[in-house]
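These notes are about the structure you will find just below.
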Amino acid sequence: MRHLERKALRFEISQAFVIARSHYTDNIDLKTMSLGFTPGYEASELDEIETAVAPLARDLVDRVEDIVLPLRG
């Protein structure tokens, strides 16, 4: 089960990078983005950011869900 979860996580993160690149072409530093959060944020600040982006993330999930989780049948 852990292997499947890790594989899904990798795919989801990959999709986030692809989407970011599709919007910003060469104007986004994907290598730096791959390092994670920008240093210096307090946990409470990251919580605020997470809260702010949550509805946008749900919108994106709705748009790419069929790509990430194709229907089987």
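Rule-based calculations on the coordinates, nothing more; no lab input. Worth saying up front: this structure is predicted, and the values here are computed from it rather than measured. Using ideal geometry, Cβ is built from the backbone for each residue, glycine included, and neighbour counts are taken over all protein chains shown.
Here are some notes:
- The residues in region 52-73 that are over 19 Å from residue 22 (Cα atoms) and of a type outside the set (A, V, I, L, M, F, W, C) can be counted, and the count is 4.
- Screening the candidates 26, 47, 59 for the property of being free of Cβ contacts under 8 Å to residues at least 40 places away in the same chain and under 20 Å from residue 8 (Cβ atoms) yields one hit, 59.
- There is at least one residue in region 33-44 that is on the phi > 0 side of the Ramachandran plot and not aromatic (Phe, Trp, Tyr).
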